[in-house]
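Quick note: the coordinates plus some simple rules give every number you see, no bench work behind them. It should be emphasised that the depicted structure is a prediction, and the values quoted were computed from it without experimental measurement. Here the Cβ positions follow ideal geometry from the backbone for every residue, glycine too, while neighbour counts run over all protein chains shown.
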């Protein structure tokens, strides 16, 4: 990932240089190769691929699953933050004793969901929603453990109810951290859902990847990567904008 | 009057030895006065204040209130919530907030016109004024100040000393200030409690006989220096190296 503190002008120079090297190398020096497709070929197939693979439909499904599940996951944690945190403090010990489950990779859950609900877009959304909620809640727990002691002392001293303390102090204090994490969750969810669609017989972009790989369609793989990159970047930009507009404080 | 009776606090870490932080602390906080608890850094002042506020439990002893006194604790670090504006910070924790009352408090602490400002990135003085107004909104009988002036410049400190005196005189609210700054304590207080460390114990109580209206010129006066030397001698006689910070 490009670091944030590199000036925009330098970033642009870097991208243009890479593009120039790519065009010269793969258009003129190595037009036939198995590393990267020819730039002109990529341009030509960029339009046709949309119709051949019904890409608009696939992107609509995948992008909707990722962003809607993230939105609903966030709303769900926002509404239930107090109850969830309270419940978590009660069962924290038991959860820690189940630490062995942490060594199960997300791939296992992907496979199990695909096994239980084959070709089911609602199950895909449910999986994405649970994953987003889990990631957001994990961050909320982490942030609320590092909350400034003074805020909690003041809340306790002013006899604020535990519900209000969780909702007004823990949640609000955790929001900057959660929004930072949302950018990472955006990336993680795209990866998870593309894999989910890739291994199952689904209808999203992951399934198109599968198909393109079967057809050994080199340019399609690159077009998909570029489109996914643009969508992930757009999501990242949106989260950044919301963060800077509404979450102006540092805890 | 609030009576602190035989308060002890033993810290019991999960590993290592027990530490006696507070040992048999007994004193009375006179009503409608400003009292100060002077002790070196790390002696357990904050713990004692939190015990008085009911935020920590003592190992032994009790805090007795004459009436059912409402106690508000202002921590040493800035405690105004950065996600709430000045108005919402002050009305935080109130069941029924009175708009006129909150606005009057904002004006009283010198934040008029800043109602919708957020405290994030504001000075410690600004944030202390919010904490003080928030405390006053809860109509307390006793306000506990835990070294709130440490990171402030002298001009802000003097302004806030005057504000505290004004709150004390006009609203009859009792203050207990925990500090390691002798001059600050003398300037603000009617009574001083000197506390030694390891374990913390009250070693002396001194009544301050200074004019009720105090300004910066008092700091260089003979009577002020006389009290200051008296306090320092008490600490010296207890063979302490208190490292008490001096007034700037």
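With angles folded into 0 to 90 degrees, how steeply does helix A:8-23 sit against the dominant principal axis of chain A? Use alpha carbons for both and round to 10. For helix A:8-23, the angle is close to 30 degrees. Taking the C-alpha atoms only, the angle from helix B:99-108 to the longest principal axis of chain B is near 60 degrees. I'd like the distance separating the alpha-carbon centroids of the stretch A:69-147 and the stretch A:219-234, in whole Å. Here the two parts' Cα centres lie 27 Å apart. Report note on the peptides A:182-191, B:16-25: ranked by the mean count of other C-beta atoms within 10 Å, highest first, their order is A:182-191, B:16-25.
As a length-normalised measure over Cα pairs under 8 Å and 6 or more apart, the relative contact order of chain B settles at 27 percent.
Restricting the calculation to Cα atoms, every distinct pair contributes to the Kirkwood radius of chain A, found to be 21.0 Å. Beta bridges per DSSP, both residues in the stretch B:110-241: antiparallel share near 55 percent. Most simply put, the protein assembly as shown has about 45% antiparallel DSSP beta bridges, counting only bridges with both residues inside it. Counted by neighbouring Cβ atoms within 10 Å, the residues A:72, A:218, B:193 run from fewest to most as A:72, A:218, B:193. Per residue of A:173-182, other chain Cβ atoms within 10 Å of the residue Cβ number 1 on average. Classified by the C-alpha gyration tensor, the stretch B:100-166 has an oblate form. Its axis ratio a/c, with a ≥ b ≥ c, is 1.5 or above, and a/b does not exceed b/c. Taking every alpha-carbon pair under 8 Å whose residues sit at least 6 apart, the stretch A:56-177 reaches a relative contact order of 41 percent.
Given axes a ≥ b ≥ c from the Cα gyration tensor, I'd like to know whether the stretch A:70-129 is rounded (a/c under 1.5), prolate (a/b larger than b/c) or oblate. Because a/c hits 1.5 or more and a/b fails to exceed b/c, the stretch A:70-129 counts as oblate.
Ordered by the number of other Cβ atoms lying within 10 Å of each residue's own Cβ, fewest first, A:222, B:65 fall into the sequence B:65, A:222. Ordering B:205, B:77 by the number of other Cβ atoms within 10 Å of each residue's own Cβ, fewest first, gives B:205, B:77.
For the stretch B:58-139, the relative contact order works out to 41 percent when only alpha carbon pairs closer than 8 Å and six or more residues apart are counted. Length, then width, then depth: along the principal axes, the Cα atoms of the protein assembly as shown run 95, 49, 49 Å. Among the residues of B:83-93, the average count of other protein chain beta-carbon atoms within 10 Å of the residue beta-carbon is 3. Kirkwood-type hydrodynamic radius, chain B: 18.8 Å, calculated from all non-identical alpha-carbon pairs. The spacing between the stretch B:26-86 and the stretch B:136-151, judged by their C-alpha centroids, is 8 Å. Look at the stretch A:153-164: the mean tally of other chain Cβ atoms within 10 Å of its residues' Cβ atoms is 6. Could you tell me how many degrees, from 0 to 90 and to the nearest 10, lie between the Cα long axis of helix B:154-171 and the main elongation axis, the longest principal axis, of the Cα atoms of chain B? That works out to roughly 80 degrees.
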